[in-house]
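Each remark here refers to the structure printed beneath this line.
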Amino acid sequence: MAVQAIAQESSEERTLFYQRTYQHLGIAVLAFILLESVLLQIDPLVEMMLSLISGWSWLLLLGGFWFVTNYAEKMALGTTDRSRQYLAYGIYIFAEALLFVPLLYLAINVTNDYSLISQAGLVALALFGGLTAVALTMEADFNFLKAGLTIGFFVAIGLIVAGMLFGFSLGLWFSVGMVVLAAGSILYQTSNIRYRYQKEQYVAASLGLFASLMLLFWYILDIFMRSE
């Protein structure tokens, strides 16, 4: 029997798919918050992660993160087996939580409270909600963004490597550019879920959205920290 994308399913199936996708996105965000509340209390882990955020260690860490998350995404996309999708889902959430430890620790220490994290989180969620509403209500195909996003992310990686090689700071405008890229990624991912996934792949669909949301949150928080 031929498989079909969610866009080819009935309106009832599409509605159920979207509900499940965004429910799992919400669960991923809550799981991320709970994991961070635990990880930030483990002093040896925090110290280890802080030691990795400079020089080539950070690049190696990002490379490892890319490998793990790419593996998780392929695992989730390549199957309709619910247990394998949930395994990929869990791996990805944990990897994101681990990567965020040094950034959140530094953000807490800027103001000695969670105010920057809360503000950045609210802005990220509001922007994500607005972009999602645009993508879903317009029902436009944002697939044309794929080439620009790919080029943009490769340019960003090149700038990160160049900054490490030549010792210069990427600065505020780099973070602003990454927020724009993350916003484009949210539009692309939201539009693309109706064509890329089958009705049983709502866990995998939520994973892609979660990745874009976390990228947006990272650079909004970075901008807020630079403003202090």
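The values are calculated or read from the model by the stated rules, or taken from the named source; none is laboratory data. This one's a predicted model, so the numbers in the text were calculated from it and none came from an experiment. In this analysis, Cβ positions are derived from the backbone assuming ideal geometry, glycine residues included, and neighbour counts consider all displayed protein chains. The accessibility values were calculated without ligands, DNA or RNA, using every heavy atom of the protein model including side chains. Shrake-Rupley method; radii C 1.70, N 1.55, O 1.52, S 1.80 Å.
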Task: Cα-based helix-to-principal-axis angle, 171-196 vs the chain, degrees rounded to 10 - done: 20
- [ ] For the range 79-162, just say rounded, prolate or oblate: build the C-alpha gyration tensor, square-root its eigenvalues into a ≥ b ≥ c, call rounded for a/c under 1.5, and beyond that prolate if a/b exceeds b/c, oblate if not.
- [x] rounded
- [ ] Could you tell me what fraction of 2.2 N^0.38 Å the Cα radius of gyration of the range 117-162 comes to, as a two-decimal ratio?
- [x] 1.54
- [ ] Keeping every protein chain in place, order Glu13, Glu47 by accessible area at 1.4 Å, biggest value first, i.e. largest first.
- [x] Glu47, Glu13
Task: Angle in degrees between helix 55-77 and the longest Cα principal axis of the chain, rounded to the nearest 10 - done: 10
- [ ] Could you rank Ser206, Ser169 by how accessible they are, 1.4 Å probe, largest area first?
- [x] Ser169, Ser206
Open item on the list: From the protein chains alone at 1.4 Å, what is the descending order of accessible area for Phe94, Phe17, largest first?
Closed with: Phe94, Phe17
- [ ] Compute, for Ser227, the solvent-accessible surface of its heavy atoms (probe 1.4 Å) with the complete set of protein chains present, and express it in square angstrom to the nearest 10.
- [x] 90
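Please report, as a whole percent, how much of the solvent-accessible surface of the range 167-206 comes from carbon and sulfur atoms (probe radius 1.4 Å).
Solvent-exposed carbon and sulfur of the range 167-206 make up 63 percent of the total.
Given Cα pairs under 8 Å that are at least 6 residues apart, what percent is the relative contact order of the chain?
35
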Open item on the list: Taking 41 Å as R0, compute the FRET efficiency from the Cβ-Cβ separation of Lys146 and Glu9 and round it to 0.05.
Closed with: 0.95
TODO: Using only Cα atoms, tell me the angle between helix 202-227 and the longest principal axis of the chain; keep it within 0 to 90° and round to the nearest 10.
DONE: 30
TODO: Provide the solvent-accessible area of Tyr114, counting protein heavy atoms only and rolling a 1.4 Å probe, rounded to the nearest 10 Å².
DONE: 130
